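Engineer: Okay, here's the structure, questions in a sec.
The values are calculated or read from the model by the stated rules, or taken from the named source; none is laboratory data. Values in this document were obtained by computation on a predicted structure and should not be read as measured data. Counting neighbours? That spans all protein chains shown, and the Cβs are built from the backbone with ideal geometry, glycine included. Just the protein is used for accessible areas: all its heavy atoms, side chains included, with ligands, DNA and RNA removed. Shrake-Rupley method; radii C 1.70, N 1.55, O 1.52, S 1.80 Å.
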Amino acid sequence: MTDRLHEPPLVGTGSIGTQPGMEMTEIQAGVADHTITTYEHGLEVRARSQWSYARARFFRHRLAMVGIVLLIVIFVAGAFAGQIAPYDPTLPSADITVSPTFAGHHFFGTDQIGRDYFSRTLYGIRATEQVSLLVAGIASLIGILIGACSGYFGGWIDNLLMRTTDLFLVVPALAVLLVAAKYLGHGSPVRLALLLGLLFWTNIARIVRGSFLSLKEKEYVEAAKASGSGNFRIMFRHILPNTIGPIVVAATLLTGLAILNESTISFLGFGLDLSLGTLIADGQAAGLNLWWLVTMPGLTIVLIILCVNFIGDGLRDALDPTQRRIRA
Amino acid sequence: MSLLEVQHVKKYFPVRKGLLQREVARVHAVDDVSVSVQEGETLGLVGESGCGKSTLGRTIVRLLEPTDGEIVFEGRNISKLGAGKLRPLRREMQMVFQDPYASLNPRKRVGTIIGDPLEIHGIGDAKSRRARVQELLRTVGLSPEHYNRFPHEFSGGQRQRIGVARALALQPKLIIADEPVSALDVSIQSQILNLLGDLQEEFRLTYIFIAHDLGVVRHVSDRIAVMYLGKLVELSPAEELYERPIMPYTEALLSAVPIPDPDRAEARERIVLTGDVPSPIDPPSGCRFHPRCRYATEVCKQVEPPLTDYGNGHLAACHHPLNVDQATLERVRAAPESPAEADKSALPVDSSGPSNP
């Protein structure tokens, strides 16, 4: 609907008439040179797509921009932990329980047996980021598949899939995670991510189903059917591209949720050997005197979650087509 | 042999209710309609909103499953074909949709939209498809440079041209145009109609042209079928329908066509139908038009009239036909296209309107 209002002025494309060439020659014949250059210039103006509006809105969303810059910095630091970390995260040193300082290059201090906490945090970020991105990917994949089938086919398939989704929603996630992590996922980021992904696809499935329910009634879907498209082609090539907006938002916010859950599990001792959650768990065992052992990884988590949520908010605002206004 | 024969096609939509989704009623969207279409002709399909004309069109191209009846295309019964066998048939019949804003995928470029049917049917390689799409763009009066644009960069009329190009891509024999101009400006309507006419000549196309605007239909059709509440009530060569409507419903429809000349408009009798179209869930007994018909008598409530052949390819289903003289009335016979439930012996005996054609 909204794009109707924002139809670009079709400057001189001259195709409304049945013979597109006609208007052009008339214009050229009747006017001075400078008009022709305007006309040609008009041709070059690229009309803006909905995506470009969304991009513009996103880039002007200050919090989201701050969020994305910070997140990239944090994630890149995590990804290159092996290169950036000044010390081996597992190697004890003589500098036992140094508080955060810039003097001895222990920015985040050291723990009771002298391991550099900045390096440990970096490695923690790496594990956390692996898990969270994998979870977002896995959950989106499952959610899209289930939601798409559910919304597109409807009927008993929809009922079956949505009742299954409800089942996953009412399951006490933490309890299941702890039990499953204990037997399956100990220490491996990939397996932990699989577990989390298998539990957290429900939200995305519902969003995708809702979009498919409304989009499958569109005439362009009928047109695709009339051209001979099969169901899967219609689902994934015609409908899915129109639901990408809400999926991206949900997946972004899910990344935050995954980090929190991974940290929780690790904190409770069922997760990874070295992640932000594990660090906090170790730190709180050390007591309040060594405050930085909890605070540094804790603040990192808070910062990541904040960034992710800001980005999610920004994307949501940017992709909302009812919102033409570009936020300052 | 006709290109397309629609034989006693019914399309009912179930109305489901309750926990068990029991079927409590059926919407009689298309109820026993038979009509044939000759190669190269344009059949106009008119009627009020909700009379089942779009449903019939969609059923013919098998976007909807017919509840009953047969659709015979080039001598082949296609009403029961599965999705796989239907695919090659999609090349033969295509559809142009009503709303050019909804019928083009907003996320796809024009080139992809028009080229999609070619890709599905594996016609040519990417390069030849591109050339073909650009040729199609030119055919429908757009410019090949529009290949990489998005639908929202076009006006309504241009979008409809894109829709037409998509329908043409597979070089179909039959095109079902579902109100292709009703969403457009009046000034643009004629452009699209002319385009469709030119294309018909160029590619020997057959059209089923669905519309609720009788003025538009008159302009394009060779024959016109009038539908009311899922039934075919009149079928006639185009000019004859306008000069000599037999069914009172058609008469009422025609009297609603605006006349640009105020004096003539003043002189004309306006027949205003009272009430709404009855619910197709529980359609009236006998002749479906009887609750709103000014000529209706007892027999109209009881007996469903057969489609009666008045000669010259003019069929109408009415107990009290208009514009028919007594001599013709004595000759008439029930047409084979009559619905199964109609009483074939209940032929009209009197004419209620002016009896000289």
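Engineer: Of everything in the stretch A:225-241 that's within 9 Å of chain B (Cβ to nearest Cβ) and either touching a strand residue (DSSP E or B) at 6+ places or on another chain (Cβ under 9 Å) or open to solvent by 30 Å² or more (accessible area, probe 1.4 Å) (or both), which residue is farthest from B:ALA169 (Cα to Cα)?
Structural biologist: If we take residues in the stretch A:225-241 being within 9 Å of chain B (Cβ to nearest Cβ) and either touching a strand residue (DSSP E or B) at 6+ places or on another chain (Cβ under 9 Å) or open to solvent by 30 Å² or more (accessible area, probe 1.4 Å) (or both), then A:PRO241 is farthest from B:ALA169 (Cα to Cα).
Engineer: Here is a further query. Of the conditions (1) under 20 Å from B:ILE113 (Cβ atoms); (2) among the charged types (D, E, K, R); (3) more than 14 Å from chain B (Cβ to nearest Cβ), A:ARG191 satisfies every one except a single condition; which number is it?
Structural biologist: (1)
Engineer: What is the one condition in (1) over 30 Å from B:VAL216 (Cα atoms); (2) in a loop (DSSP other than H, G, I, E, B); (3) not aliphatic (A, V, I, L, M) that B:CYS300 does not satisfy?
Structural biologist: Unmet condition: (2).
Engineer: Take the stretch B:110-127 and flag every residue that is surrounded by fewer than 23 Cβ atoms within 10 Å (Cβ to Cβ) and at the interface with chain A (Cβ under 7 Å from one of its Cβ atoms).
Structural biologist: B:ILE120, B:HIS121
Engineer: Name every residue in the stretch A:199-224 that is at the interface with another protein chain (Cβ under 10 Å from one of its Cβ atoms) and either surrounded by fewer than 22 Cβ atoms within 10 Å (Cβ to Cβ) or β-branched (Val, Ile, Thr) (or both), in order of residue number.
Structural biologist: Within the stretch A:199-224, A:LEU215, A:GLU217, A:LYS218, A:GLU219, A:VAL221, A:GLU222 meet the criteria.
Engineer: What is the number of the single condition among (1) among the hydrophobic types (A, V, I, L, M, F, W, C); (2) open to solvent by 20 Å² or more (accessible area, probe 1.4 Å); (3) within 18 Å of the chain's Cα centre (by Cα) that B:VAL33 does not meet?
Structural biologist: Of (1) among the hydrophobic types (A, V, I, L, M, F, W, C); (2) open to solvent by 20 Å² or more (accessible area, probe 1.4 Å); (3) within 18 Å of the chain's Cα centre (by Cα), only one is false for B:VAL33: (2).
Engineer: Here's something else I'd like to know. Keeping to the stretch B:74-92, report how many residues are under 23 Å from B:ALA29 (Cβ atoms), crowded, with 17+ Cβ neighbours inside 10 Å and touching a helix residue (DSSP H, G or I) at 6+ places or on another chain (Cβ under 9 Å).
Structural biologist: Count: 3.
Engineer: Of all residues in the stretch A:104-141, count the ones that are polar (S, T, N, Q), under 11 Å from A:ALA193 (Cβ atoms) and surrounded by 22 or more Cβ atoms within 10 Å (Cβ to Cβ).
Structural biologist: Number of matching residues: 2.
Engineer: Quick one: which strands (runs of 3 or more DSSP E) sit completely within the stretch B:157-231 and have at least 1 residues that are within 20 Å of the chain's Cα centre (by Cα) and within 14 Å of another protein chain (Cβ to nearest Cβ)?
Structural biologist: B:174-178, B:206-211
Engineer: Would you mind finding the one in A:ALA281, A:ALA286, A:ALA250 that is among the small types (Gly, Ala, Ser) and either open to solvent by less than 10 Å² (accessible area, probe 1.4 Å) or closer than 30 Å to A:GLY155 by Cβ (or both)?
Structural biologist: From the options A:ALA281, A:ALA286, A:ALA250, the qualifying one is A:ALA250.
Engineer: Within the group A:ILE265, A:ILE280, which residue is in contact with a Pro (Cβ under 8 Å, 6 or more places away or on another chain) and either more than 14 Å from chain B (Cβ to nearest Cβ) or of a type in the set (Ser, Thr, Tyr) (or both)?
Structural biologist: Of A:ILE265, A:ILE280, the one residue that is in contact with a Pro (Cβ under 8 Å, 6 or more places away or on another chain) and either more than 14 Å from chain B (Cβ to nearest Cβ) or of a type in the set (Ser, Thr, Tyr) (or both) is A:ILE280.
Engineer: In this structure, does A:ARG46 turn out to be modelled with pLDDT of 50 or more and either outside the structural domain of A:LEU134 (by TED's automatic domain parsing) or not in a helix (DSSP H, G or I) (or both)?
Structural biologist: Here the answer is yes, as A:ARG46 does meet what is asked.
Engineer: Continuing with this model, one more query. What tally of residues in the stretch B:11-26 results from selecting those that are surrounded by 19 or more Cβ atoms within 10 Å (Cβ to Cβ) and either in contact with a helix residue (DSSP H, G or I) (Cβ under 9 Å, 6 or more places away or on another chain) or not in a strand (DSSP E or B) (or both)?
Structural biologist: 1
Engineer: Any residue in the stretch B:144-159 that's without any contact (Cβ under 8 Å) to a residue 40 or more places away in the chain: show its pairings with residues that are open to solvent by less than 10 Å² (accessible area, probe 1.4 Å) and small (Gly, Ala, Ser) at Cβ separation under 6 Å, as long as the two are six or more apart or on different chains.
Structural biologist: Close Cβ pairs satisfying both conditions: B:TYR147/B:GLY111.
Engineer: Working only within the stretch B:93-109, note down all residues that are at the interface with another protein chain (Cβ under 7 Å from one of its Cβ atoms) and surrounded by 24 or more Cβ atoms within 10 Å (Cβ to Cβ).
Structural biologist: Listed by number, the residues that qualify are B:GLN94, B:MET95, B:PHE97, B:SER103, B:LEU104, B:ASN105.
Engineer: B:ILE71 versus (1) within 23 Å of B:ARG129 (Cα to Cα); (2) open to solvent by less than 20 Å² (accessible area, probe 1.4 Å): which is the lone unmet condition?
Structural biologist: Evaluating B:ILE71 over (1) within 23 Å of B:ARG129 (Cα to Cα); (2) open to solvent by less than 20 Å² (accessible area, probe 1.4 Å) leaves (1) as the failure.
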